[in-house]
Amino acid sequence: MSSVVRPWRTAFLTLRDETLASPSGPNILHLLNQLIFCQSDSLIAAARDLPPHEVASDLILLIELARNVSQSEGIQDVNQSFTRLAHLIHGISHCSSLEMNSTSWALMLESFGRIVQNFLGKAKAEGVLVGNVAVIKATKQCLESLRCLFGLHQAAASLSENEQLLNFILQVVGCLQGESIYSYYLSDKQTLFEGLWEVLIVAFGMIGEVYSRVGSCLPFAIWQSTIEVLRKVMDIWASRSLLEENIISRFYIELLHCLHLVLAEPRGYLEDHVAGFVAALRNFFRYGLVNKCHVVSQATNHNKEVGQTSQKTCFEASNRPQSGPYRPPHLRKKVVGNEQHKDECPMSPKQEFISSDSECSDNDGSVKDSCSHQFAKARLAAILCIQDLCRADPKLFTAQWTMVLPSSDVLQHRKYETTLMSCLLFDPHLKVRIAAGSTIMAMLDGPASISLQIAEFKGHTRCGSFTPLSSSLGHILMQLHSGTLYLIKHETNSRLLALSFKILMLLISSTPYSRMSTELLSVVISSVQSTVDEGFPFQSDRNSLLAAAINCLTAALSVSPSSASVKNMLLGEISTGSLEGRQRSGVLYTLIRYSEQLSSPSISLEAFQALKALAHNYPKVIALCWEQISSIVYGILSSFSDVPPRLWRGNVEHTFPPIKERIITSAIKVLDECLRAISGFKGTEDLSNDKYLDSPFTSDYVKTKAISSAPLNGLESPASTEYESKAYLLGSERWTEATDKHLPITIKHSSAMVRAASVTCFAGMTSSVFFSLPKDKQEFIICSSIDAALNDEVPSVRSAACRAVGVIACFPQIYHSPEVLEKFIRAAEHNALDSLVSVRITASWALANICDALGHYIDALHAGRDSRISSEVISLLVDSSLRLARDNDKVKANAVRALGNLSRFIKFTSQPLVHGDPMDGMYYNGAEGSNHYMKERSDSFPSASLGRFDWLEQMVQTFLSCVTTGNVKSSIKVVIGKGSGRSRFSGNKHGSNSSSSLVHQIRFGTRLLLFFSILLLLLRDSSNFKIRIQAAAALAVPETIRDYGKSYFDVVKSVEHVVENFKSDQISDPSNFKYWIALEKQLTSTMLHLLGLAARCDHRAIRDLLIKKASFLELWIKDLCSSLGNTSNSHDEVKHLVSVDQKKDVIFRTIQSLIEVYECASDHVLAQRFDRLANNVR
């Protein structure tokens, strides 16, 4: 036994012997003082040489004795003994690797808990907590010992043990926190008080460690307790000046790091705490910078607007590369501090710079450098906490934007009004700036971008006036644009520059530019373009930064709606000759130049993406660039030889062919957009010629559906279409060039991507351009589309070909050629059997369009033409549509539309007679002319238009199954009659269906009641206004009382109830607001239609209902008449007057119908009231 170890074993053997008889508390304290505490230092030194299990066993003995003493009462000076015990265990635990298990750990935690509770409880009761250095030091040692011991046990520690430790630490923090911490520090006892800060540093460090280990598994209750404790501590600093002493900065860092770990994985809602945390955290943005000038750079001209690049900075950016050899931070500081700058900022004669991220980690500098580093760590931790709060609930955090983001003068650094953007622009530490930028990105990303759509900018508001949230957000977005563009223009650090481009991307995607300054978007584009032209100083990062910059241009050019300012800017570039090279600048010149640089494929690809966005949003501009676009595309096709894919695998440069393939595809897509712009493509053409048959109450509110594949023409007006008209006349010439020069090369390309893009070009044709082409070019387009649809092995190419077939099938002259239609039918049917859903979707879409074209073809036969479609083709279309109606939802929607188009011209034969038909119980006045019409139409149709009655049954069953399985919109379209003109709300191809609808054709069927019941249910209860609109339109399709059958009373009663209560209904979904007016107008049209038929119904229930609702109907019709002058959105006065006359005529016929009903009911008073109303209408 060594001389060092002997005293240890002697002392503890003696202690064990003396405590066998269970002595009293005072005697235990006496033994501890005599045997152990008097030689604590030597025992600590001996612990290193003892086996760990022996040390652990002896420490447990001490802990058990201490627990027994803490349970005894009336013992004096117990705190002194506990203080010595804490010192001993602290020393031993830090110099010896002890063996811990669950039992020993539980004993340790319980005993230390009693000891610390005894310390803090007694000291707080005596009012000497803060000034008692021994108690504070002992408390710190207890916490550090627990921290060390738990570190030995944490690998085997259970979740409950972590919870117990966390609860203990939270109790300690609860005893120490409060306003007294701040007030005592400002007193003369601050030297004694440093120990308390040390205790809190250890405590928050331990809390953070628990959350870093098991934070995601902790129960909500303990997480909430932690949040409340942290909130109380943070509230102290929300309205106080932050202290810049070294010990305090360490406390801030540990506190904020702990808060960051707790907020990183929130276990519950933070709604009650976000504002309080933000108020405290924003004070740390300027921590350590208020009394010193650490600013990186500052714009001196603060009155200039966004995008102006003439601002000068007081100093160059902190991370600008310096000439000369590397200097360590402590020497670098000294040199910089002694330098005299020519443009020295007057607010500080000496500036300190942080020129590299290494300065945040070097520890060989001065004390001043160390403090600066500590301050920066606190700012960094606070910004990360802000980021955590934002990520926890982005929508809730939007209310705090005004607290952490600038609303004015972003380029003017203000010490006492620091925001995240000023941290990004001016903070001297790189890590802080990066964290600030990342936090701004987190704020702009996700749900917050939706909330920003209410933002608007209307100039500067008066000081002190109320500012609505929309205006505040608008000012914030303007300042974010200013700061980000300034940073992109002047920043020289590649990491920050890349971060700036990411921020700008999110800003562009989140900003509602139509509600902002009219010049803002053009300033963004021109600023980024000038940065691209100036280039980047970092050769290693040049391509990535250039790609990011062009990507920002793509996003800006893709903003919808298009900007008139941007369009004028681009047209101005063309007028100055930038495309011809006379002026080597501008967005168009830059994009075209980089698209041709095939030596940098990624840059060329990004440039083509930007050109595609420009072509889509500014068709008038791209139409004037045809020569350059055509030349570039042909040059690329000539540069990249067509190598079969099987040879690519054997090529050493196997990474290049894919990027080449993508470049060719992007070039073809730009060509496609350019051709669509020149051709005037606006979407699939509507074959119907019944647009003037719409109800006058719905025709003046036609909501045109945006076609994503069509160029945007929203900026054009009748007074400014000269360029577009000229380009349109060149459409035939441009398409001829494309089919001669480009498409023959790409349509047979070995790459499927290239072939698909090439065939997609045909889907952007217009009928006028197509039929102006030479016959051989028309044949080339048709044959290429059909060949790709039938014979290509790649599904994406066949899908693109089906899209082209569906578009061309809608050209009016196509249905005059049954041979072409049959080829299209075969191509669509072939792909409708494909195993991939994506192919079946486009094939079913093409099939529905073909069915529409076929209906017009048969209408042409009815007019006297003698061409015929075989009955086998009709049967094929019906069977295929019925099969597709059982497919995927998107396929089903197209299939149901196809069925609606087929039902328009197929005359179902051999209909069985059904006894007890619903019509038998109804009596009608007036003659019915529909039977004669249907007979005449049937006799004149060819045999192809005759269909089996089982088809009708299957169509009906398909409609019912679609309604019950959720595909409601497409199902209703089968019922809506296209010829009736009441399905025109959508304003495009997909809103149109059959004139002889299923309602007409099954009017004697047993399922008529079920049809109307479903429609009424949807009209009353659907939460989707678009579905309600179509249901209301479908209810107005039947033209006679006989068509409604026994359902007429239920339909009138339900529609009247909906109309009467429409304005009092609550709109649950905000997306329905834009359809509110359309639904009101459709309900009006349907109600007038139903009331107009009332005079022909001799049913008592109808008369009773209309008499009961006479007062409402009278008031409703009066309001309708008074609103006639305010319903037109048209600028054409003549059309407006015609529309008003049509509406008056409909209302007059409705009133006359009601008068007849009231006269039949012998209610002459009501008849006279409505007669006066009719005179007023006339």
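Being more than 29 Å from the chain's Cα centre (by Cα) and closer than 13 Å to Cys674 by Cβ narrows it down to one residue among Glu580, Glu627; which is it?
Working: Glu580 fails: closer than 13 Å to Cys674 by Cβ.
Just one listed residue meets the conditions, Glu627.
Hey, any hits in the range 122-132 for a residue that's open to solvent by less than 20 Å² (accessible area, probe 1.4 Å), within 25 Å of Leu59 (Cα to Cα) and either aromatic (Phe, Trp, Tyr) or at pLDDT below 85 (or both)?
No, that holds for no residue.
Taking the condition at pLDDT 90 or above and small (Gly, Ala, Ser), does Ser180 pass? It would help to see each step written out before you state the result.
Numbers: at pLDDT 90 or above: no; small (Gly, Ala, Ser): yes.
Answer is no for this residue.
With the requirement that a residue be under 20 Å from the mean Cα position of the chain (by Cα), aliphatic (A, V, I, L, M) and part of a helix (DSSP H, G or I), what does the range 554-564 give you?
Ala555, Ala556, Leu557
Looking at (1) modelled with pLDDT of 90 or more; (2) open to solvent by 40 Å² or more (accessible area, probe 1.4 Å); (3) touching an Asp or Glu at 6+ places or on another chain (Cβ under 8 Å), which is the only condition Leu430 fails?
(2)
Listed here are the residues, each with its yes/no results for (1) of a type in the set (A, V, I, L, M, F, W, C); (2) open to solvent by less than 10 Å² (accessible area, probe 1.4 Å); (3) in a loop (DSSP other than H, G, I, E, B).
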residue	(1), (2), (3)
Met403	yes, no, no
Gly437	no, yes, no
Ile450	yes, no, no
Ser470	no, no, no
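Could you go through the range 982-991 and let me know if any residue there is within 16 Å of Ile906 (Cβ to Cβ) and either in a helix (DSSP H, G or I) or modelled with pLDDT under 55 (or both).
No, the range 982-991 contains no residue that is within 16 Å of Ile906 (Cβ to Cβ) and either in a helix (DSSP H, G or I) or modelled with pLDDT under 55 (or both).
Being touching a Ser or Thr at 6+ places or on another chain (Cβ under 8 Å), over 30 Å from Ser585 (Cβ atoms) and open to solvent by 10 Å² or more (accessible area, probe 1.4 Å) narrows it down to one residue among Glu491, Glu417, Glu519, Glu456; which is it?
Values: Glu491 fails: over 30 Å from Ser585 (Cβ atoms); Glu417 fails: touching a Ser or Thr at 6+ places or on another chain (Cβ under 8 Å); Glu519 fails: over 30 Å from Ser585 (Cβ atoms).
Matching residue, one of Glu491, Glu417, Glu519, Glu456: Glu456.
What do you reckon, is Ser3 without any contact (Cβ under 8 Å) to a residue 12 or more places away in the chain, farther than 22 Å from Val69 by Cα and surrounded by fewer than 16 Cβ atoms within 10 Å (Cβ to Cβ)?
Yes, satisfied.
If Leu553 satisfies every condition in (1) buried (at least 22 other Cβ atoms within 10 Å of the Cβ); (2) at pLDDT below 95; (3) under 23 Å from Gly446 (Cα atoms) but one, which is the exception?
All conditions are met except number (2).
In this structure, does Leu579 turn out to be without any contact (Cβ under 8 Å) to a residue 60 or more places away in the chain and either at positive phi or assigned to a helix (DSSP H, G or I) (or both)? If you could, list the steps in order and put the result at the bottom.
On the way: without any contact (Cβ under 8 Å) to a residue 60 or more places away in the chain: yes; either at positive phi or assigned to a helix (DSSP H, G or I) (or both): no.
Considered against the rule, which asks whether it is without any contact (Cβ under 8 Å) to a residue 60 or more places away in the chain and either at positive phi or assigned to a helix (DSSP H, G or I) (or both), Leu579 comes out as no.
Hey, Val820 hits all of (1) crowded, with 18+ Cβ neighbours inside 10 Å; (2) in contact (Cβ under 8 Å) with a residue 40 or more places away in the chain; (3) not aromatic (Phe, Trp, Tyr) but one; which does it fall short on?
Condition not satisfied by Val820: (2).
Just for the range 996-1023: of the residues that are part of a loop (DSSP other than H, G, I, E, B) and more than 28 Å from Lys1063 (Cα to Cα), which one is modelled with the highest pLDDT?
Pass one, the range 996-1023, residues part of a loop (DSSP other than H, G, I, E, B): 996-997, 1002-1007, 1022-1023.
If we keep only those that are more than 28 Å from Lys1063 (Cα to Cα) too, we end up with 996-997, 1002-1007.
Values: Ser996: 39, Ser997: 48, Ile1002: 51, Arg1003: 47, Phe1004: 44, Gly1005: 48, Thr1006: 54, Arg1007: 63.
Checked the range 996-1023; the qualifying residue modelled with the highest pLDDT is Arg1007.
Only residues that are crowded, with 20+ Cβ neighbours inside 10 Å and either out of contact with any Gly (no Cβ under 7 Å at 6 or more places or on another chain) or more than 14 Å from Leu520 (Cα to Cα) (or both): list them for the range 556-566, please.
Taking the range 556-566 and keeping what is crowded, with 20+ Cβ neighbours inside 10 Å, we get 556-557, 559, 562-563, 566.
If the condition is that a residue be crowded, with 20+ Cβ neighbours inside 10 Å and either out of contact with any Gly (no Cβ under 7 Å at 6 or more places or on another chain) or more than 14 Å from Leu520 (Cα to Cα) (or both), then Ala556, Leu557, Val559, Ser563, Val566 are the ones that fit.
State all residues of the range 38-59 that are open to solvent by 20 Å² or more (accessible area, probe 1.4 Å) and under 15 Å from His87 (Cα atoms); if no residue qualifies, say none. Steps first, please.
Narrowing the range 38-59 to residues open to solvent by 20 Å² or more (accessible area, probe 1.4 Å): 38-39, 41-42, 44-45, 48-49, 51-54, 57.
Scanning the range 38-59 gives Cys38, Gln39, Asp41, Ser42, Ile44, Ala45.
If the requirement is being closer than 19 Å to Ala885 by Cα and more than 39 Å from the chain's Cα centre (by Cα), which of these qualifies: Ile782, Ile825? Outline the logic, then answer.
Working: Ile782 fails: closer than 19 Å to Ala885 by Cα.
Sole residue among the options that is closer than 19 Å to Ala885 by Cα and more than 39 Å from the chain's Cα centre (by Cα): Ile825.
Take Leu485 and decide whether it is within 23 Å of Leu430 (Cβ to Cβ), in contact (Cβ under 8 Å) with a residue 60 or more places away in the chain and surrounded by 18 or more Cβ atoms within 10 Å (Cβ to Cβ). If you could, list the steps in order and put the result at the bottom.
Working: within 23 Å of Leu430 (Cβ to Cβ): yes; in contact (Cβ under 8 Å) with a residue 60 or more places away in the chain: yes; surrounded by 18 or more Cβ atoms within 10 Å (Cβ to Cβ): yes.
For Leu485, the condition - within 23 Å of Leu430 (Cβ to Cβ), in contact (Cβ under 8 Å) with a residue 60 or more places away in the chain and surrounded by 18 or more Cβ atoms within 10 Å (Cβ to Cβ) - is met.
The values are calculated or read from the model by the stated rules, or taken from the named source; none is laboratory data. This one's a predicted model, so the numbers in the text were calculated from it and none came from an experiment. Neighbour counts run over all protein chains shown; Cβ positions are idealised from the backbone, glycine included. Surface accessibility is based on the protein's heavy atoms, side chains included, excluding ligands, DNA and RNA. Shrake-Rupley method; radii C 1.70, N 1.55, O 1.52, S 1.80 Å.
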